[in-house]
Amino acid sequence: MTTTTRKSTNRLATLLLGASLLAGCTVSGIAETTAHAAGASNFLQENAAIRTITKNASGKTFVTNKLSTAVLVNKQRNLPSTYVPADLVVPNVPFSFAGSSPKKQMRGIAADALEKLFAAAKKDGIKLAAVSGYRSYATQKAIFDRNQAIKGADVANRTSALPGQSEHQTGLAMDISSASAGYALEASFGDTKEGKWLAKHAPEYGFIIRYGKGMEKLTGYSYEPWHVRYVGVYIAKEITNKHLTLEQYLAQYN
Ligand SMILES: [Zn+2]
């Protein structure tokens, strides 16, 4: 797969029912607030974990809402191996490496939000660097297999996803680091001023720290202060303010 430029992108993201409603809206007046709440509620009901899963003949579970910004992908919920988002673009933000790469990409709606997030950081004197975004099923398989060979199955399972179970395949996730952290994707990034800024401000732009500290039992993954996932401003603020995981948040609408 080749890296697409922003201009050539077909913004299919706008097809997401309810996503634009939830992303970055400003609500003024009671009527709008009511409409917003109703829209959010419908969107969340449609994306509830229990309503967005199906099993194939061999019992493997797949998500049915892979195009949704609220899609829940984890160790119990797979993306099809063939799924490639149709609206991948390269966000106009600083990266930790030069040259073109598929992993610079995100879906259009997430790329737009990432650009706003990075611009806000820059304004505050915080220099973030994007490290790794979209990852194909095949790339994820190579990463997991290598981790398993080097570190063993247990560590590989806690620190990397099986192919089909990575949020990076959704095109809605980006790993972020900073020069101060040596551009590393390590827990210590969370202690840097850049990591702290990211945790505080990511929700304002629709992102959550997907694998939070102390959430390992709920998410299945170690703390990853570098991994942000786009869910839209409304959901991101709810999840962050209530200290929930995406799993817990969506389960409320089952
Ligand atoms: Zn990640």
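Checking V93, V84, V71 one by one, the residue that is under 26 Å from G220 (Cβ atoms), within 16 Å of the ligand (Cβ to nearest atom), assigned to a loop (DSSP other than H, G, I, E, B) and at pLDDT 95 or above is V71 and no other. No other residue among Y211, Y205, Y221, Y134 is modelled with pLDDT of 95 or more, more than 19 Å from Q105 (Cα to Cα) and under 15 Å from the mean Cα position of the chain (by Cα) apart from Y211. Close Cβ contacts (under 6 Å, 6 or more residues apart or on different chains) running from residues in region 194-212 that are farther than 24 Å from S68 by Cβ to residues that are within 16 Å of the ligand (Cβ to nearest atom) and of a type outside the set (S, T, N, Q) comprise E194/L128; G195/F189; G195/P225; A199/I209.
For the condition buried (at least 21 other Cβ atoms within 10 Å of the Cβ), charged (D, E, K, R) and on the phi < 0 side of the Ramachandran plot, what is the one hit in E238, E224, E247?
Numbers: E238 fails: buried (at least 21 other Cβ atoms within 10 Å of the Cβ); E247 fails: buried (at least 21 other Cβ atoms within 10 Å of the Cβ).
Residue meeting the stated conditions: E224.
The values are calculated or read from the model by the stated rules, or taken from the named source; none is laboratory data. Just so we're clear, the structure is a prediction, and the values are computed from it rather than from any experiment. Don't worry about glycine lacking a Cβ; one is built from the backbone with ideal geometry, like all the others, and counts go over all protein chains shown.
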